[in-house]
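Colleague: Can you read through this structure? Questions will come right after.
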Amino acid sequence: MSFVSPLFLWYFMPALLLAVLVLPRSWRNGIVALGSLIFYTSGAGASVLLLLTCMIVNFLAGTALEPDEWDTRTSGRRRRILIGVVGFDVAVLVIWKYAGFATEQFDLLARLLGGSFPVVDLAMTIGISFFTFHHISYVVDIYRGERRALRNPVSFATYISMFPQLVAGPIVRYREIADQLPQHRNHRLDDIAAGFPRFALGLCKKAVIADSIAPMVDACFATPAGEMTFAMAWLGAIGYTLQLYFDFSGYSDMAIGLARMLGFRLPENFARPYSSVTVTEFWRRWHMSLSRWFRDYVYIPLGGNRGGRRSTYRNLTIVFVLTGFWHGAEWTFLVWGLFHGALLIAERAFGWDVTPDRTLPRTGRRALTLLLVVFGWVFFRAPDLGQALTMIGHMLLPDLDGLSDVVDSALTNQRLVIMLAALGVVFLPAHPVTGPLLESSRATAATAIRVTVMTVGIAYAAILVATGTFSPFLYEQF
């Protein structure tokens, strides 16, 4: 089940919201937890058993990890429990997401030596990258004494399996939501009124923009190397830059809006990333919940920037290697992660991570940052390194050839207009961010956007969904 499927929009979401609205508020967590497990099972099938197993292990470990201020002798035991449960979580992620990729590499090496190696073929569990990070956040925050462990398994299940963020984020650190799990909800209609415009905005981003551009992007990236041209390479790269943003930020808006309607406030995940003046700033604005997670649970524990330049560069490299592979078990994701890690290191080394004061240098830096991000997305989207390098080679070497017949037929007038309109996001100022503005602002402009999105926008998006012109969210594969 997807947020943009008729089953979800016409039946599941209204039924769940109605139950939360009319039933006693003390039932909220139970309703959300049960509904979330039904939602997850509809897409993941038997993989829900893996999710439940991980939930049981981490829930039981939680109470054993709480620090005891009166008995410091327990610190060694708690540390061993933490290492054990985090090791378990990481092992589950590695086995179900990376075992196939790893054994394929061993098999390639064995074949070069005249032998063979058995290849593991495991279907990747939906949302495993996200619920693994939620589990690690839960046990680490308890171990650090930042929040108490949950004693109620229903509240724990609500945090881990909450369907708005279960499959593709935002990644909610335990300390960000722990205080919301007690079921104090007095303004249920106000929550629905605030959350629905945000949900509608995300639906419009996904159905109207991202899914409209997708066929053209797919055609460009599927073009054989011998037929690739300068125009098709740039069309595909720019198209995917827009598709990925509107798809993933649309999902985040829908998730935040859904959670708000259920009485929860999830962290923001996007803040106009294509308005960034530096790559460092880009990572403060793009997939913000992932950046914060790696900062708190990897970068800072490694030493952050406290150990001098070499240590800082080493820590950044580790973080972005992990960031790349977190997105998928492919060499293209590793190269993409290393590319961004190298850019951040270069900015720190030369002092380019500081935003210029004057308008002209700031405009130039913003254009350069966007250009670098576009090149990076080619590695992120390409099916393999060969195709990525082919496209980048053509992007750097202009020619007079046009579009192939396949790409030309995919680039309809409607898609061209939508793509050009979507390109306007590149020229918008860094503030204000539309999602939070719709959710809370009562300004005239915000009200006008809110009314437009909830009438014309959602009506058109609903028609597209009803006609079956939607596709899965891109980040559901991670």
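The values are calculated or read from the model by the stated rules, or taken from the named source; none is laboratory data. In this text, all values refer to a predicted model and were calculated from it rather than measured experimentally. FYI the Cβ positions are ideal-geometry reconstructions off the backbone, even for glycines, and counts take in every protein chain you see. The protein model used for the area step is the full one, side chains on, heavy atoms only, and it has no ligands, DNA or RNA in it. Shrake-Rupley method; radii C 1.70, N 1.55, O 1.52, S 1.80 Å.
Colleague: Return the residues of segment 297-354 that are among the hydroxyl-bearing types (Ser, Thr, Tyr) and either outside any helix (DSSP H, G or I) or open to solvent by less than 20 Å² (accessible area, probe 1.4 Å) (or both); say none if nothing qualifies.
Modeller: THR312, THR323, THR332, listed by residue number.
Colleague: Of the residues that make up segment 390-403, is at least one at pLDDT below 90, over 19 Å from ALA233 (Cα atoms) and not in a helix (DSSP H, G or I)?
Modeller: No - not one qualifying residue is present in segment 390-403.
Colleague: While we're on this one: Restricting the search to segment 279-321, which residues are of a type in the set (Ser, Thr, Tyr) and within 22 Å of GLY424 (Cβ to Cβ)?
Modeller: Those that are of a type in the set (Ser, Thr, Tyr) and within 22 Å of GLY424 (Cβ to Cβ): none in segment 279-321.
Colleague: For VAL426, indicate whether it is in a helix (DSSP H, G or I), surrounded by fewer than 16 Cβ atoms within 10 Å (Cβ to Cβ), β-branched (Val, Ile, Thr) and within 28 Å of the chain's Cα centre (by Cα).
Modeller: No: the conditions fail for VAL426.
Colleague: Something else now. Could you check segment 121-139 and list, in sequence order, the residues that are surrounded by 13 or more Cβ atoms within 10 Å (Cβ to Cβ) and more than 25 Å from ARG28 (Cβ to Cβ)?
Modeller: MET124, THR125, ILE128, SER129, THR132, ILE136
Colleague: LEU242 fails exactly one of the following numbered conditions: (1) closer than 27 Å to PHE12 by Cα; (2) open to solvent by less than 10 Å² (accessible area, probe 1.4 Å). What is the number of that condition?
Modeller: (1)
Colleague: What number of residues in segment 140-159 are aliphatic (A, V, I, L, M) and either crowded, with 24+ Cβ neighbours inside 10 Å or free of Cβ contacts under 8 Å to residues at least 60 places away in the same chain (or both)?
Modeller: 1
The rows are residues; the columns are (1) in the same structural domain as ASP218 (by the TED database); (2) over 26 Å from THR280 (Cβ atoms); (3) under 29 Å from the mean Cα position of the chain (by Cα).
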| position | (1), (2), (3) |
| --- | --- |
| LEU360 | yes, no, no |
| VAL378 | yes, no, yes |
| ILE392 | yes, no, yes |
| SER409 | yes, yes, no |
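Colleague: Among the helices (runs of 4 or more DSSP H) lying completely within segment 1-84, list those that include at least 1 residues that are open to solvent by less than 30 Å² (accessible area, probe 1.4 Å) and touching a Gly at 6+ places or on another chain (Cβ under 7 Å).
Modeller: 13-22, 28-44
Colleague: Within segment 124-151, how many residues turn out to be small (Gly, Ala, Ser) and either assigned to a helix (DSSP H, G or I) or under 27 Å from LEU16 (Cβ atoms) (or both)?
Modeller: Residues flagged as small (Gly, Ala, Ser) and either assigned to a helix (DSSP H, G or I) or under 27 Å from LEU16 (Cβ atoms) (or both) within segment 124-151 amount to 3.
Colleague: Of the conditions (1) in contact with a Ser or Thr (Cβ under 8 Å, 6 or more places away or on another chain); (2) open to solvent by 10 Å² or more (accessible area, probe 1.4 Å), VAL373 clears all except one; give me its number.
Modeller: All conditions are met except number (2).
Colleague: Something else: With respect to PHE264, determine if the residue is of a type in the set (Phe, Trp, Tyr), touching a Phe, Trp or Tyr at 6+ places or on another chain (Cβ under 8 Å) and modelled with pLDDT under 95.
Modeller: no
Colleague: Give me the pairs, please: first residue somewhere in segment 407-427 and small (Gly, Ala, Ser) and at pLDDT 90 or above, second residue anywhere and in a helix (DSSP H, G or I) and surrounded by 11 or more Cβ atoms within 10 Å (Cβ to Cβ), beta-carbon distance under 6 Å, and either six or more positions apart or on two chains.
Modeller: Listed by first residue and then by second, the contacts come to ALA410/PRO215; ALA410/MET216; ALA410/ALA219; ALA422/ILE209; ALA422/LEU242.
Colleague: Among (1) touching a helix residue (DSSP H, G or I) at 6+ places or on another chain (Cβ under 7 Å); (2) in contact (Cβ under 8 Å) with a residue 12 or more places away in the chain; (3) not polar (S, T, N, Q), where does GLY100 come up short?
Modeller: Condition not satisfied by GLY100: (1).
Colleague: Turning to a different aspect of this structure: Examine segment 358-370 for a residue that is outside any helix (DSSP H, G or I), of a type in the set (Lys, Arg) and open to solvent by 50 Å² or more (accessible area, probe 1.4 Å), and state whether such a residue exists.
Modeller: yes
Colleague: Looking at (1) at pLDDT 85 or above; (2) assigned to a helix (DSSP H, G or I), which one does LEU189 not meet, given that it meets all the others?
Modeller: If we test LEU189 against (1) at pLDDT 85 or above; (2) assigned to a helix (DSSP H, G or I), just (1) comes out false.
Colleague: OK, next. Checking VAL154 against (1) over 25 Å from the mean Cα position of the chain (by Cα); (2) β-branched (Val, Ile, Thr); (3) under 30 Å from ASP253 (Cβ atoms); (4) in a loop (DSSP other than H, G, I, E, B), which test does it fail?
Modeller: Failing condition for VAL154: (4).
Colleague: Specify which of the listed residues (ALA466, ALA443, ALA448) is in contact with a Pro (Cβ under 8 Å, 6 or more places away or on another chain) and farther than 18 Å from VAL217 by Cβ.
Modeller: After ruling out the rest, the residue left standing is ALA466.
Colleague: Something else now. For ARG198, all conditions in the list (1) open to solvent by less than 10 Å² (accessible area, probe 1.4 Å); (2) more than 26 Å from ASN269 (Cβ to Cβ); (3) of a type outside the set (Phe, Trp, Tyr) hold save one; what is the number of the exception?
Modeller: Of (1) open to solvent by less than 10 Å² (accessible area, probe 1.4 Å); (2) more than 26 Å from ASN269 (Cβ to Cβ); (3) of a type outside the set (Phe, Trp, Tyr), only one is false for ARG198: (2).
Colleague: May I ask you to say which residue of PRO164, PRO170, PRO215, PRO182 is open to solvent by less than 10 Å² (accessible area, probe 1.4 Å) and either modelled with pLDDT under 90 or in a helix (DSSP H, G or I) (or both)?
Modeller: Among PRO164, PRO170, PRO215, PRO182, only PRO164 is open to solvent by less than 10 Å² (accessible area, probe 1.4 Å) and either modelled with pLDDT under 90 or in a helix (DSSP H, G or I) (or both).
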